[in-house]
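Report on the following structure.
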Amino acid sequence: MLSTLQQPPRSLSRIPLHLKPLRSFFTVASASASQDQSSPPSSQILTLRRALLSRQTTATQLAESYISRLSLTEPHLHSFLHISDTLLRDAQLIDRKIEKGEDVGPLAGVLVGVKDNICTADMPSTGGSRILENYKAPFDATAVRRVKEKDGILIGKTNLDEFGMGSTTEASSFQVTANPWDLSRVPGGSSGGSAAAVSARQCMVSLGSDTGGSVRQPASFCGVVGLKPTYGRVSRFGLMAYASSLDVIGCFGTSVADTGILLHVISGHDRFDATSSNREVPDFSSQFTSINLVESKPLKGLKVGLIRETLEDGVDNGVKSAISGAASHLEELGCTVTEVSLPSFSLGLPAYYILASSESSSNLSRYDGVRYGNQVFAEELNALYNDSRAKGFGPEVQMRILMGTYALSAGYYDAYYKRAQQVRTLIRKSFKDALDDNDILISPVAPSAAYKIGEKKNDPLAMYAGDIMTVNVNLAGLPALVLPCGFVEGGPVGLPVGLQMIGAAFDEAKLLKVGHIFEQTLQGCRFVPPIVADDLAYSQQ
């Protein structure tokens with residue numbers, strides 16, 4: 001468990017600090033990319049696969065390179081709560097399979113970070129909460145199992161706001177994660193550890209969860225690609241429940257291609273999750289066209305709706321400018337971009353917090369010190385329940401449980417929970433109407449870029465307001481892709497801003513196609529944070 005901010009994390013102290021990043025394909029590719037600021041992001045997964053099969057590098061060499069990177073960056077970032085003890089052993093197994101000429105999966109040798117509210121059998125799964133400190137699940141979540149079956153290697157468990165309740169990762173019970181672009185700023189939340197780890201190249205891709213924007217907002221703040229799939233596309237089995245009708249497992253990567261490859265691996269029906277869809281999973285990689293084959297107007301005829309309500313008062317001018325530039329770039333690619341209005345958009349935020357809090361008050365009731373959770377000694381049963389929860393849950397979780405319990409209580413159910421469900425129906429209809437007339441919708445991800453650590457910690461309403469661009473997508477159950485589109489002033493070199501693309505249900509393929517062409521043709525932007533550039537300079541000494 002990583003439990004301090006000042007000292008190098010205890011679980012990382014076993015990493016050999018004398019290891020310098022190896023001159024593997026990873027270091028060479030990253031160095032060349034950092035020198036060419038106009039080159040589009042490439043797929044690390046596909047590059048690794050070619051390097052492994054051609055024997056240019058080994059999975060073990062790659063793992064050692066990432067271990068070295070962790071030893072340099074993790075004391076500053078605090079992205080991880082746990083590091084896998086079997087990392088090198090798992091890499092050696094991949095190397096032996098390749099040496100024997102055996103087939104390897106599409107994630108062979110790929111180092112994957114996993115948010116710590118997704119269960120893993122070989123590492124603790126704490127949900128970022130003291131009540132589950134040192135808890136080890138007896139099974140892998142379905143998404144994790146599928147990653148392993150395709151020869152992916154788990155590098156560790158990433159930090160998060162406790163049980164996914166937060167927007168900054170400051171609500172973790174163990175540590176605060178920093179943003180790789182500016183260590184004084186938040187990485188977003190609740191999947192801030194997963195986003196920061198990918199941004200700082202501590203892992204290639206990572207898994208997060210998204211209940212109201214917890215994949216997309218950190219992706220925007222950290223300058224990486226984040227994908228929230230359609231509700232039901234990915235099994236939730238093994239994901240610690242926050243709000244069961246809203247929760248989804250999502251993906252992070254440094255490119256759209258890597259994110260799509262990871263999504264394909266974890267998607268599909270699961271008999272352990274009754275809400276998972278039986279729909280066939282398309283080959284998302286077929287949507288990725290080489291930049292050399294892209295036509296002058298590759299998206300000609302695509303109708304794009306820019307959501308008017310997301311660019312009104314309260315949105316920073318720098319964010320508006322970046323989104324306007326992204327819309328212009330889509331027009332250059334052949335899209336027709338028009339403004340669309342979603343009249344019920346502003347109702348989404350209060351409806352979301354009523355529904356999510358209500359569901360969390362039910363889901364978290366299992367953590368009572370008897371069924372689940374660390375137990376506090378008491379002489380009487382009710383005192384045991386009360387003390388275990390009081391000492392195990394953090395203040396944000398306690399507040400949301402109280403809010404949800406109140407909304408579900410007798411005399412208030414119709415006024416709050418039932419009304420919020422009615423609003424949810426209106427939001428679904430408004431999205432359907434807009435997507436009947438447009439292929440995709442676009443918007444900012446958040447009203448601002450990453451803000452300072454502690455800036456909004458004591459103002460929960462201001463923090464909740466930052467979710468206004470994302471919660472409606474969860475209420476409607478739709479897929480959304482976030483990719484970096486520009487910068488605003490702030491930090492040592494500027495702060496990234498993400499563009500949110502929203503599609504029809506189960507149409508992730510279209511989002512990935514548009515997103516891939518967008519990032520491959522975006523000029524003058526290279527989303528590599530300073531902490532990575534510093535590491536590369538070290539590796540070349």
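The values are calculated or read from the model by the stated rules, or taken from the named source; none is laboratory data. What you see is a predicted model; the values in this text were computed from it and never measured. Glycine gets a Cβ as well: all are built from the backbone with ideal geometry, and neighbour counts include every protein chain shown. These accessible areas exclude ligands, DNA and RNA; they are computed on the full protein's heavy atoms, side chains included. Shrake-Rupley method; radii C 1.70, N 1.55, O 1.52, S 1.80 Å.
Among the numbered criteria (1) in contact (Cβ under 8 Å) with a residue 12 or more places away in the chain; (2) part of a loop (DSSP other than H, G, I, E, B), which single criterion is violated by GLY101?
Single failed check for GLY101: (1).
Go through the range 53-71 and give me each residue that's open to solvent by 10 Å² or more (accessible area, probe 1.4 Å), out of contact with any Ser or Thr (no Cβ under 9 Å at 6 or more places or on another chain) and not in a loop (DSSP other than H, G, I, E, B).
LEU53, THR60, ILE67, SER71
Considering only the range 203-216, state which residues are outside any strand (DSSP E or B), of a type in the set (S, T, N, Q) and touching a strand residue (DSSP E or B) at 6+ places or on another chain (Cβ under 7 Å).
Here is the first cut: in the range 203-216, the ones outside any strand (DSSP E or B) are 203-204, 211-216.
Then keep just the ones that are of a type in the set (S, T, N, Q); that gives 211, 214.
Scanning the range 203-216 gives a single hit, SER214.
Can you name the condition, by its number, that LYS148 falls short on among (1) outside any loop (DSSP other than H, G, I, E, B); (2) open to solvent by less than 10 Å² (accessible area, probe 1.4 Å)?
(2)
Only one residue in ASP467, ASP459, ASP535, ASP507 is at pLDDT 95 or above, over 18 Å from the mean Cα position of the chain (by Cα) and acidic (Asp, Glu), so which one is that? So that I can check it myself, show each step before the final result.
Working: ASP467 fails: over 18 Å from the mean Cα position of the chain (by Cα); ASP459 fails: at pLDDT 95 or above; ASP535 fails: at pLDDT 95 or above.
Step by step, each of ASP467, ASP459, ASP535, ASP507 is checked, and only ASP507 is at pLDDT 95 or above, over 18 Å from the mean Cα position of the chain (by Cα) and acidic (Asp, Glu).
Output the number of the condition that GLU170 fails; it satisfies all remaining conditions of (1) open to solvent by 10 Å² or more (accessible area, probe 1.4 Å); (2) part of a helix (DSSP H, G or I).
(2)
Scan the range 129-143 for residues that are outside any helix (DSSP H, G or I) and at negative phi and jot them down.
SER129, GLU133, TYR135, LYS136, ALA137, PRO138, PHE139, ASP140, ALA141
Restricting attention to the range 444-460, which residues are open to solvent by less than 40 Å² (accessible area, probe 1.4 Å) and among the β-branched types (Val, Ile, Thr)?
VAL445
Which residue, of LEU381, LEU435, LEU426, is modelled with pLDDT under 95 and either touching a strand residue (DSSP E or B) at 6+ places or on another chain (Cβ under 7 Å) or not aromatic (Phe, Trp, Tyr) (or both)?
Going through LEU381, LEU435, LEU426 in turn, just one is modelled with pLDDT under 95 and either touching a strand residue (DSSP E or B) at 6+ places or on another chain (Cβ under 7 Å) or not aromatic (Phe, Trp, Tyr) (or both): LEU381.
For residues in the range 369-389 being open to solvent by less than 80 Å² (accessible area, probe 1.4 Å) and under 29 Å from the mean Cα position of the chain (by Cα), which is nearest to MET165 (Cα to Cα)? Quick ask: steps written out before the conclusion?
First, the residues of the range 369-389 that are open to solvent by less than 80 Å² (accessible area, probe 1.4 Å): 369, 373-374, 376, 378, 383-385, 387-389.
Subset that is under 29 Å from the mean Cα position of the chain (by Cα): 373-374, 389.
Values: GLY373: 18, ASN374: 20, ARG389: 16 Å.
Filtering the range 369-389 for residues that are open to solvent by less than 80 Å² (accessible area, probe 1.4 Å) and under 29 Å from the mean Cα position of the chain (by Cα), the one nearest to MET165 (Cα to Cα) comes out as ARG389.
Go through the range 108-134 and give me each residue that's crowded, with 21+ Cβ neighbours inside 10 Å, within 22 Å of ILE266 (Cα to Cα) and either among the β-branched types (Val, Ile, Thr) or out of contact with any Leu (no Cβ under 8 Å at 6 or more places or on another chain) (or both).
VAL110, VAL112, VAL114, ILE118, THR120, THR126
How many of the residues making up the range 88-107 are open to solvent by less than 10 Å² (accessible area, probe 1.4 Å) and either touching a Pro at 6+ places or on another chain (Cβ under 6 Å) or under 25 Å from VAL215 (Cα atoms) (or both)?
1
Answer yes if at least one residue in the range 402-418 is of a type in the set (Lys, Arg) and either in contact with a Lys or Arg (Cβ under 7 Å, 6 or more places away or on another chain) or touching a residue at least 60 places away in the same chain (Cβ under 8 Å) (or both), and no otherwise.
no
Being open to solvent by less than 10 Å² (accessible area, probe 1.4 Å), of a type outside the set (A, V, I, L, M, F, W, C) and assigned to a loop (DSSP other than H, G, I, E, B) narrows it down to one residue among GLY156, GLY189, GLY193; which is it?
On inspection, the qualifying residue turns out to be GLY189.
Give the range 461-520 a look and list any residue that's open to solvent by 30 Å² or more (accessible area, probe 1.4 Å) and charged (D, E, K, R), or say none.
Listed by number, the residues that qualify are GLU489, ASP507, LYS510, LYS513.
Taking helices (runs of 4 or more DSSP H) that fall entirely within the range 379-448, which contain at least 3 residues that are closer than 27 Å to LEU227 by Cα and hydrophobic (A, V, I, L, M, F, W, C)? Break it down into steps so the answer makes sense when it comes.
Working: elements: 381-392, 395-408, 419-437.
It comes to 419-437.
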